[in-house]
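Colleague: Could you have a look at this structure, given as structure tokens, before my questions?
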Amino acid sequence: MKKYNHLAIEKKWQKEWDKSKIYRTKDTGGKKFYVLDMFPYPSGQGLHVGHPRGYIASDVYARQKRAQGYNVLHPMGYDAFGLPAEQYAIANKIHPRQAVLKNVATFRKQLEIIGFSYDWTRSVNTTDPEYYRWTQWIFLKLYGSWYNPKTNRAEDIKTLIKTFDKKDWSSKSEKEKQEILMRYRLAYEGYSEVNWCPGLGTVLANDEVVNDEKGNPVSERGGFPVEKKTMRQWFMRVTAYAEKLLAGLDTIDWPNHIKDIQRNWIGRSEGSEFDFAIKNSEDTITIFTTRADTIFGVTYVVLAPENKLVQKLSSKISNWNEVQNYINEVKNKDDEARLAADKEKTGVQLKGIVAINPVNGEEVPVWIADYVLATYGTGAVMAVPAHDDRDFKFANKYNLSIKRVVEPKFVAEEATGGHGRADSAVKPGLPMEKRNAVCVFVKNPKDDKYLCIKWRGTPMNGLVTGGIDGDESYEETAMREVHEETGYKNLKLVKEPDFAIHSLFYHRLKNTNRWARFQYVFLELINEERDPVAEKEAALHEVVWKSKDELKEFFTVIEGEFIINFLNNPNYIFTEDGVLFKSGEFDFLDSSEARRQITEKFGRSKITYKIRDAVFARQRYWGEPIPLSYDRDGIIHEVPEKKLPLKLPEVKSYEPIGTGESPLAGVKSWTDKGYETNTMPGWAGSSWYFLRYMDPNNKKVFASPKNLKYWKNVDMYVGGAEHATGHLIYSRFWHKFLHDLKLVPTAEPFMKLRNQGMILGTDQRKMSKRWGNVINPDDMVKLYGADTLRVYEMFMGPFDQSLPWSTESIIGSRRFIEKVWRLSEKVGVAKPDKDLESLLNKTIKKVGEDIESMNFNTAISALMILLNAMEKRVGEYGVLSVKVYEVFLQLLAPFAPHVTEELWRDLGHKSSIQKEKWPKYDPKKLLSETVQISVQINGKLRASFEAVVDEDEKTLQNKAIMLENVKKWIDGKEIKRVIFVKNRLINIVI
RNA sequence: GCCCGAGUGGUGGAACUGGUAUACACGCACGACUUAAAAUCGUGUCUCGCAAGGGAUGUGGGUUCGAUUCCCACCUCGGGCACCA
């Protein structure tokens, strides 16, 4: 027998496939299918075994699609701009381009030996000027466009200019025009803070900044201090697409958690805006809130320290020095200190400034505090400490008043006792009678017990309650009711938190629905003297005393738990929806309805998003140049389309120049022409690369309309989940923009997305040089073969789960392939075997479905089961049917393309196994002739027996009862019920 | 704190729509072949029990003839967001 020499076989077929070009893709021909991997960043480190996991999966998937008759586009390329290449180049004193070329070559080699079915002629590289020409071209489109909210899409900036007053517009200077347009462009110039490291003379990315022992930010390299510096930047107006990005999620098949992350990131929030006028001023403070129903509870207003209004009002602020100091203090805090959630809130009052609540004209103080973010909503909030946790903490610290305006509401849904009333579930259809009432806590200071009422002949327990008569005060009602119901007469009012609840119930005695607002009143016994209780009252209930701890158990009222929370926690605030109170005409409205009405009358509804515009500039050399230039007057000019690509200048030094600006700012030939010195960020090139694969060598357009129309978009996208809020948002944004401009045919770039889990080191840690736990795929290919590596990576566990590498387990996959190899000796003409036939059909079904749903581990497992059965068959009859073996090879081919090709050809086939049609199963042959029927007694397995498929219940039941093990259990007992599940089980209930 | 996801043998994991829990593989033990070893093949391998039988899918409850699967509460781990008004 021929020896299984994986090295020779794999090399041989890789060469042969390359020669015969079987993986080349044409842009026509039948139904298309686009299978894409997230292209790699070719680092100097090379690959570890975790990297190819996704590539293997997509390769298996692509191979199956090809076998199913699709015209499959399955390309690979390199995302090679960015920091690591630049740093590698600086460290090794070579040009970044050289570093990239070298790393790309290494990657390609490492990938090739694994035997992927990529069409390498379609490869792209983001650093290739012929590629980034189109990245720059798309940038210019973004720069030249605005988002028209009326048409709900991006349009040429000219359509914006048309909306301006003609005369007014032409009277403006170029500079003014530029400033106005900049507020609309989808790519726009602005300012933002960066991590500036004076020690290195450069700007650092967030992950290049670490904390030293004292928690101060320092550079990862060298440990130099890092501070904030405001710098000129370019931005992408992602926020304009927030709604489309959100809505699009419903149209694509992505893992739910990725959709959740994106939804969360976009952070849509429906609320209202209100204008608070500033007393004795023309200015107003606009606030955003989602709780318009609490607006009558506003006791102050807070601005973000960076809010422009603060500077504008400076002359009216009497403590301006103090305010300025606070603003500076906040500015110098690093992000971590400012954002720490548990940190104590700080702020300063703007003395002399008074805001007017638009709903009731109340005058409230104005503060600045860094718990209000300048970048969200309007950068200002109305503070309602009674119903917002943050405002509550702030109010407590600075002694600001607290006004409660929303009260909890409880609707009786079943017959429960409550407040000593005979009440039950609200009856639909009956009118609702509103009433003011009290509910009384009476404490006996001697033993700290509370006065309770137990209703005779009912399970109801509660407190003393009663309706308010005429113009009685709460206290008067409370004392009167206590006296009537219990006889206690010497009581005094104590100061405890006052609160009220609304209770909706059906009043049985009065046959009416009641909506009672119970004001809680806290009394204390002065002494235990009591008058006799009227007979009528005494017949209804008895008096009991309960300690605080016993109350929770004692109350049968549905709102009992809430009341206890309130009693136990003096800081308890009610942040949920409820019923309005002390809110003028809106009293007794539910929160949601109140929000609607108050907004309509006093404000306007508004939708706000968390997502921020994305910074689109890096102060680095190794990125796409931004194709803009500045003239002497600071007017920005676009680099004409026909002059693209604007290539990076050849320079000797691309190291930081020490000002924080890009190294390009130190290149005279560059600055002489006024070119923008910032370069694009790493995500620019990766935001559209999948389109370039459709037409990678086109010199006229980024991809021809014909090819775009044919390939449309990516059908299956495979990559890591870590790109959820980066690449996967940005590329959707660019794609939607291109779609608005009718440059691409679909609204979404990636129809299906699947994430691969990480492969961890054997020590369960992330594979990295640092831990010394890196496993190199080259070594695995050499030792076990690419086919074994592929099978193992697909078999080790669920594709989307992170799993540790096991040096021990991979041997199992190797054994599997060797068994397949050895079995080839035993094929020939064999007698039909129904059981094997049935298993084969089941396996065809299972493997096909499992690949489609990316459950590769169970697909392999099914193949192993079939192999074991085939071996058993050979053991019994000495020969295995060629037909069965061939189908098996076809099923295995996507996973192990080399060895299956070799064995396939050995069987005498002239063409590649990769060209074969995917096997079909016969639904009629899926069932074996016999099935195991389990017999349960009372749900416990007691016996099982073999039966013919689809046999009827009666027959099987009779058979089951005859079994020894079953007889034993049912003997002398009555069979109450028998449950029958076809072809599976019989459960006898006794 | 909020939003997702996951907890099953010594290990990675399997189980369709509620229907024989632990498939498949690794490891381990024993046996065959061998002068020997490796490789290969075979047998066994959740747990308590001599057995009959009992107990096990993070913990505690519930629904059901029957729960890894559905519901409630809690614990642990992983991921995302984090003063978003």
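Colleague: Given the pairs A:LYS21/A:LYS742; A:LYS11/A:LYS915; A:LYS259/A:LYS917, which are separated by over 29 angstrom at their Cα positions?
Modeller: A:LYS21/A:LYS742; A:LYS259/A:LYS917
Colleague: State in Å² the accessible area per residue of chain A; use a 1.4 Å probe, count heavy atoms of protein chains only, and round to the nearest integer.
Modeller: With the other protein chains kept in place, chain A gives 47 Å² per residue.
Colleague: At a probe size of 1.4 Å, how large is the accessible area of A:THR762, to the nearest 10 Å²?
Modeller: Approximately 80 Å² for this residue.
Colleague: In square nanometres, what is the average projected area of the Cα convex hull of segment A:492-548?
Modeller: That works out to 6.0 nm².
Colleague: With respect to the cross-link table entries A:LYS158/A:LYS706; A:LYS158/A:LYS668; A:LYS175/A:LYS279; A:LYS610/A:LYS752, which display a Cα-Cα separation exceeding 30 Å?
Modeller: Where the Cα-Cα span goes over 30 Å, the pairs concerned are A:LYS158/A:LYS668; A:LYS175/A:LYS279.
Colleague: Viscosity 1.567 mPa s, temperature 4 °C: give me the Stokes-Einstein translational D for chain A in µm²/s, with Rh taken as the Kirkwood radius over C-alpha pairs.
Modeller: Taking Rh from Cα pairs, D becomes 37 µm²/s.
Colleague: Next question. Using the Cα atoms of segment A:676-748, I'd like the radius of gyration and the largest Cα-Cα distance, Dmax, both in angstrom.
Modeller: For segment A:676-748, the Cα radius of gyration and maximum Cα-Cα distance read 13.0, 39 Å.
Colleague: Please list the three semi-axes, largest first and in whole Å, of the ellipsoid equivalent to segment A:534-666, using sqrt of 5 times the eigenvalues of its alpha carbon gyration tensor.
Modeller: 72, 24, 12
Colleague: Across segment A:821-880, how large is the tail of the calculated P(r) beyond 14 Å, expressed as a percent of all Cα pairs?
Modeller: Here the long-distance tail beyond 14 Å is 57 percent of all Cα pairs in segment A:821-880.
Colleague: Here is a further query. In vacuo Debye scattering of segment A:343-397, one point per C-alpha: log10 I(q)/I(0) at q = 0.16, 0.18, 0.19 Å⁻¹?
Modeller: One equal scatterer on each Cα of segment A:343-397 leads to -0.52, -0.67, -0.75.
Colleague: What is the percent carbon and sulfur in the accessible area of segment A:194-319, measuring with a 1.4 Å probe over the protein chains and ignoring ligands?
Modeller: Result for segment A:194-319: 48 percent of the exposed heavy-atom area is carbon or sulfur.
Colleague: May I pose another question? Using Cα-Cα distances under 8 Å and only pairs 6 or more residues apart, what relative contact order does segment A:784-868 have, in percent?
Modeller: Worked out over segment A:784-868, it gives 41 percent.
Colleague: Please work out the ratio of the alpha-carbon Rg of segment A:77-223 to 2.2 N^0.38 Å and round it to two decimals.
Modeller: For segment A:77-223, the normalised Cα radius of gyration is 1.54.
Colleague: Right, here's the next one. How large is Rg/Rh for segment A:35-123, to two decimals, with Cα atoms and a Kirkwood Rh?
Modeller: Radius of gyration relative to Kirkwood radius: 1.05.
Colleague: Something else: Rg and Dmax in Å for segment A:204-296, alpha carbons only: what are they?
Modeller: Using the Cα atoms of segment A:204-296, the pair Rg, Dmax is 21.1, 56 Å.
Colleague: Right, another one. In Å, the Kirkwood hydrodynamic radius of segment A:238-291 over pairs of distinct alpha carbons?
Modeller: It is 13.8 Å.
Colleague: Which of the aspartates and glutamates could a cross-linker span from A:LYS312 if the Cα-Cα distance has to be under 12 Å and same-chain partners fewer than 8 positions apart are dropped?
Modeller: A:GLU282, A:ASP283
Colleague: What is the projected area of the convex hull of the Cα atoms of segment A:243-380, averaged over all directions, in nm²?
Modeller: About 10.6 nm², averaged over all directions.
Colleague: Using only alpha carbons, build the gyration tensor for segment A:798-851 and give me the equivalent ellipsoid semi-axes, biggest first, whole Å.
Modeller: Its equivalent ellipsoid spans semi-axes of 29, 19, 7 Å.
Colleague: Looking at A:GLN914, A:ALA947, A:ASN983, which one has the Cα that reaches farthest to the positive end of the dipole of segment A:914-990 (charges on Cβ: Lys, Arg +1; Asp, Glu -1)?
Modeller: A:GLN914
Colleague: Follow-up. Taking each pair of different alpha-carbon atoms in segment A:872-990 once, compute 1/r for the pair, average those values, and report the inverse of that mean as the Kirkwood hydrodynamic radius in Å to one decimal.
Modeller: In segment A:872-990 this quantity evaluates to 18.1 Å.
Colleague: Would you kindly calculate the mean projected area, averaged across all directions, of the convex hull enclosing the Cα atoms of segment A:376-415, in square nanometres?
Modeller: Taking the Cα atoms of segment A:376-415, their convex hull projects to 4.8 nm² on average.
Colleague: Please report, in debye to the nearest 20, how large the charge dipole of chain A is about its Cα centre when each Lys and Arg carries +1 at its beta carbon and each Asp and Glu carries -1 there.
Modeller: That gives chain A a dipole magnitude of about 4660 debye.
Colleague: Using the Kirkwood radius over Cα pairs, work out the Stokes-Einstein diffusion coefficient for segment A:140-259 at 37 °C and 0.692 mPa s, in µm²/s as a whole number.
Modeller: 182
Colleague: Only four residue types carry charge here, +1 at the Cβ of Lys and Arg and -1 at the Cβ of Asp and Glu. Report the dipole size of segment A:193-300 about the Cα centre in Debye, rounded to the nearest 20.
Modeller: So the dipole magnitude of segment A:193-300 works out to roughly 180 debye.
Colleague: Here is a further query. What is the ratio of the Cα radius of gyration of segment A:911-964 to 2.2 N^0.38 Å, with N the residue count, to two decimals?
Modeller: Dividing the Cα radius of gyration by 2.2 N^0.38 Å gives 1.88.
Colleague: Further question: Once you put a point 7 Å from the Cα of A:ASP779 and another 7 Å from the Cα of A:SER944, both along the Cβ direction, what distance in nm separates them?
Modeller: 4.3
The values are calculated or read from the model by the stated rules, or taken from the named source; none is laboratory data. Computed from a predicted model, the values in this text were never measured in an experiment. Quick reminder, even Gly has a Cβ in these numbers, built from the backbone with ideal geometry, and neighbours come from all protein chains shown. Ligands, DNA and RNA are excluded from the accessible area calculation, which covers all protein heavy atoms including side chains. Shrake-Rupley method; radii C 1.70, N 1.55, O 1.52, S 1.80 Å.
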